[in-house]
Amino acid sequence: MFKGSFVALITPFKNGQVDYEGIEKLIEFHIAEGTHGIVPMGTTGESATVSHEEHKEIVRFVTKKVDKRIMVIAGSGSNSTAEAIELALDAKKAGADAHLSITPYYNKPTQEGLYRHFKAIAEAVDLPMVVYNVPGRTGVNMAPSTVARLSKVPNIVGLKEAAGTVKQVMEVLELTGPDFCVLSGDDFINFPVLAVGGRGYISVTANIAPKRLAECWNLWEKGDIEGSKKAHYSLLPLHRDLFIETSPIPVKTSAHLMGLIGTLEFRPPLCELTDSSLAKLKETLKAQGLIK
């Protein structure tokens with residue numbers, strides 16, 4: 001159902017408010033650059049610090065402006081099952097193609113708790129769901145065996161895997177059926193995930209280099225394995241420095257330096273890069289031909 005390069009979209013702010021004009025500019029940029037899908041209101045979109053109403057309105061806005069030209073997978077996760085259902089229902093009402101639901105953070109449910117959480121959402125909301133495993137953010141790792149159980153639940157169609165290990169990706173693929181879609185959630189291992197059977201990635205780096213991320217997938221799909229591998233390795237310096245400090249601080253800063261967004265604002269507790277990190281990031285962006 002899903003394949004290719006999906007951008008984990010940043011959220012521009014202006015004077016403390018959501019910059020919808022800026023979001024529309026980003027949408028048109030990504031469509032023109034060949035991005036295969038947009039994921040608003042994930043971690044990279046600062047979903048943790050927008051209000052629920054802002055969250056819902058951003059999903060509605062993105063879905064309306066995309067207008068089915070490419071896919072929209074709406075971020076809908078919460079560490080409260082009831083809140084996750086509420087956000088997913090709103091994504092469905094907005095017309096999103098699917099929704100992305102993160103493993104609950106802070107309360108650190110057991111594997112059985114994770115299963116029941118996602119199953120309850122899938123049963124309450126008739127919309128394709130991609131579950132999202134990112135233990136570095138949430139403090140809990142969803143075991144491949146749990147993913148396998150979830151893959152049998154109607155409406156649960158895929159996994160965004162960001163545990164950072166190809167071994168775990170392979171274990172998931174070994175235990176799930178051929179129709180279950182695994183997407184890389186860690187840009188460093190995008191190509192290895194394709195090599196073991198993944199169908200694409202939800203990418204931070206795609207915010208600033210969408211054409212190159214899309215091309216990495218396009219080459220792979222055409223059977224040009226060496227070309228895809230070369231494209232992946234050429235992006236490693238960007239993947240590395242976009243996590244020089246907590247994401248999405250570096251990628252949002254990069255987008256501002258490139259003129260993709262106007263005002264550089266973060267929702268607290270996120271803040272600007274240190275001077276040393278900013279200097280290193282600028283050096284990499286220049287070397288990659290993204291700024292002068």
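Once C-alpha pairs closer than 8 Å and six or more residues apart are averaged by separation and normalised to the residue number of segment 4-222, the relative contact order reads 20 percent.
Going through the cross-link list Lys14/Lys280; Lys68/Lys211; Lys152/Lys211; Lys93/Lys119; Lys108/Lys160; Lys64/Lys282, which pairs have a Cα-Cα distance over 24 Å in this structure?
Listed pairs above 24 Å: Lys14/Lys280; Lys152/Lys211; Lys64/Lys282.
What is the fewest-to-most order of Val169, Val134, Val18 by other Cβ atoms lying within 10 Å of their Cβ?
Val18, Val134, Val169
Of interest is the spacing of the C-alpha centroids, which for segment 42-84 and segment 225-292 amounts to 23 Å. Highest GNM mean-square fluctuation among Gly197, Gly75, Gly177, for the chain modelled with Cα contacts below 10 Å: Gly177. Using the average count of surrounding beta-carbon atoms within 10 Å as a protection proxy, the listed peptides 213-221, 123-131 rank, highest first, as 213-221, 123-131.
Taking Leu26, Leu194, Leu175 in turn, the Gaussian network model of the chain (Cα-Cα springs below 10 Å) assigns the largest fluctuation to Leu175.
Name all residues of segment 71-88 having a backbone nitrogen under 19 Å from the label point set 7 Å from the Cα of Leu270 along its Cα→Cβ direction, giving them as ranges. So the set is 73-79. With a 10 Å cut-off between alpha carbons and a GNM built on the chain, which of Val39, Val204, Val196 moves the most? Greatest mean-square fluctuation among the candidates belongs to Val196. Projected over every direction and averaged, the convex hull enclosing the alpha-carbon atoms of segment 4-222 yields 10.8 nm². Counting every other Cβ atom within 10 Å of each residue's Cβ, Tyr132, Tyr20, Tyr106 order from fewest to most as Tyr106, Tyr20, Tyr132. Label zone (Asp126, point 7 Å along Cα-to-C-beta; backbone nitrogen cut-off 15 Å) within segment 143-181: 154-156. Between Lys160 and Val131, Tyr132, Asn133, Leu183, the built amide H atoms are under 5 Å apart, and every one of these is 5 or more places off in sequence or on another chain.
Derived scalar couplings between HN and Hα for segment 128-133 equal x, 10, 9, 7, 10, 10 Hz in order, rounded to whole Hz, by the Karplus curve 6.51 cos²θ - 1.76 cosθ + 1.60 (θ = phi - 60°), x for Gly and Pro.
Here each label is just a point 7 Å from Cα along the line to Cβ, and for Val196 and Asn107 those points are 3.1 nm apart.
For His99, the residues 5 or more places off, or on other chains, whose built amide H falls under 5 Å of its own are Ala74, Met129, Val130. From its DSSP helices (H runs of at least four residues, each -39,500 (n - 2.57)), the chain gives a residue-normalised ellipticity at 222 nm of -14500 deg cm²/dmol.
Computed from the coordinates by the stated procedures, all read-outs in this text should not be read as laboratory data. Owing to the predicted nature of the structure, the values given are computational and were not obtained by experimental measurement. Positions of Cβ are generated from backbone atoms using ideal geometry, with glycine treated the same way; all protein chains shown enter the neighbour counts.
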